[in-house]
1. Is at least one residue of the range 208-218 at pLDDT 80 or above, within 30 Å of Ala143 (Cβ to Cβ), among the small types (Gly, Ala, Ser) and part of a helix (DSSP H, G or I)?
2. May I ask you to list the residues in the range 13-49 that are of a type in the set (Gly, Ala, Ser), surrounded by fewer than 16 Cβ atoms within 10 Å (Cβ to Cβ) and within 15 Å of Leu201 (Cα to Cα)?
3. Just the residues that are assigned to a helix (DSSP H, G or I) and either over 13 Å from the mean Cα position of the chain (by Cα) or acidic (Asp, Glu) (or both), please, taken from the range 154-168.
4. Filter the range 44-74 down to the residues that are over 21 Å from Val166 (Cα atoms), free of Cβ contacts under 8 Å to residues at least 40 places away in the same chain and either assigned to a loop (DSSP other than H, G, I, E, B) or of a type in the set (D, E, K, R) (or both) and list them by number.
5. Is at least one residue of the range 110-126 surrounded by fewer than 18 Cβ atoms within 10 Å (Cβ to Cβ) and touching a residue at least 60 places away in the same chain (Cβ under 8 Å)?
6. Go through the range 84-109 and report how many residues are at pLDDT 95 or above, surrounded by fewer than 21 Cβ atoms within 10 Å (Cβ to Cβ) and among the hydrophobic types (A, V, I, L, M, F, W, C).
7. Every residue in the range 13-33 that is at pLDDT 80 or above, within 13 Å of Lys221 (Cβ to Cβ) and in a strand (DSSP E or B), please.
8. Determine whether Phe136 is more than 21 Å from Trp55 (Cα to Cα), hydrophobic (A, V, I, L, M, F, W, C) and either surrounded by 15 or more Cβ atoms within 10 Å (Cβ to Cβ) or under 12 Å from the mean Cα position of the chain (by Cα) (or both).
Amino acid sequence: MSTPANNNPSSTTSFGFRDVAETERQGLVNQVFASVAERYDLMNDLMSGGLHRLWKRDFVTWLNPPRSDARFRLLDVAGGTGDIALRVIGASGPNANAVICDISPEMLAVGQRRVDDAALSDRITCVEGNAENLPFENSSFDAYTIAFGIRNVTHIDRALAEAYRVLRPGGRFLCLEFSECQIPVLDRLYDFHSFEVIPRLGKLTAGAAEPYQYLVESIRKFPKQEPFAAMVRDAGFARVTYRNLTGGIAAMHSGWKI
């Protein structure tokens, strides 16, 4: 079952580089994604220099959904615009289906439009829900994916516990997230791009620098590769491993519910 939320009004957590009340953080994150929903692909292009498209390709390849007639049910959390779910279903056999779950109705609206445009509404469903308290039964899915979303969750441990709960035995958890660049010189170039270039580009292209400033800061506050892998293990997952992408600018984390 889900862990009860901490309703202590004095508890604080990070929102980028500043501390806010835990009870306020999710609303602030929601505002960020409401403001960028229609420009989400542009946002990811700015954040990654366009590399997110290659990373997502590698992500789906590592997931390796069945191309046969086998039944396969995917839950893509924080996947509002449908990018991962559409890629997975496109790489899967005819009996694969997916549920996109996102807390942002604005992001889900974009995803639903894309699903409809792809004529895949019979195989992909959009559901509004919180990663910390998923509206699904125990052991409901064969795979759980989350791409560039878990760092925006207030209580990451609760989201991981929910991932474990809704997966069937033998199910797989797969996460794609920005991480720590581990290549000298590239790490300094990446920092310059993140803190000096991205907010300015966000202001020029989207009219506001603040959402992009938060997103850059949230990357730096997110646990690095090894500590996050330890959190995945603590949630109960086995055979936990990760793969760095582009020197660690992003990383894919994998675990299995055994």
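The values are calculated or read from the model by the stated rules, or taken from the named source; none is laboratory data. What you are looking at is a predicted structure, and each value in this text was computed from that prediction instead of being measured. Virtual Cβ from ideal backbone geometry, glycine too; neighbours counted across all protein chains shown.
1. Within the range 208-218, one or more residues are at pLDDT 80 or above, within 30 Å of Ala143 (Cβ to Cβ), among the small types (Gly, Ala, Ser) and part of a helix (DSSP H, G or I).
2. Gly49, the sole residue that qualifies.
3. Our first condition is that a residue be assigned to a helix (DSSP H, G or I); within the range 154-168, this holds for 156-166.
Residues satisfying the conditions are Asp157, Arg158, Ala161, Glu162, Tyr164, Arg165, Val166.
4. Those that are over 21 Å from Val166 (Cα atoms), free of Cβ contacts under 8 Å to residues at least 40 places away in the same chain and either assigned to a loop (DSSP other than H, G, I, E, B) or of a type in the set (D, E, K, R) (or both): Asp45, Gly50, Arg53, Arg57, Arg67, Ser68, Asp69.
5. No, because not a single residue in the range 110-126 is surrounded by fewer than 18 Cβ atoms within 10 Å (Cβ to Cβ) and touching a residue at least 60 places away in the same chain (Cβ under 8 Å).
6. Going through the range 84-109 one residue at a time, the tally reaches 1.
7. Thr13
8. Yes.
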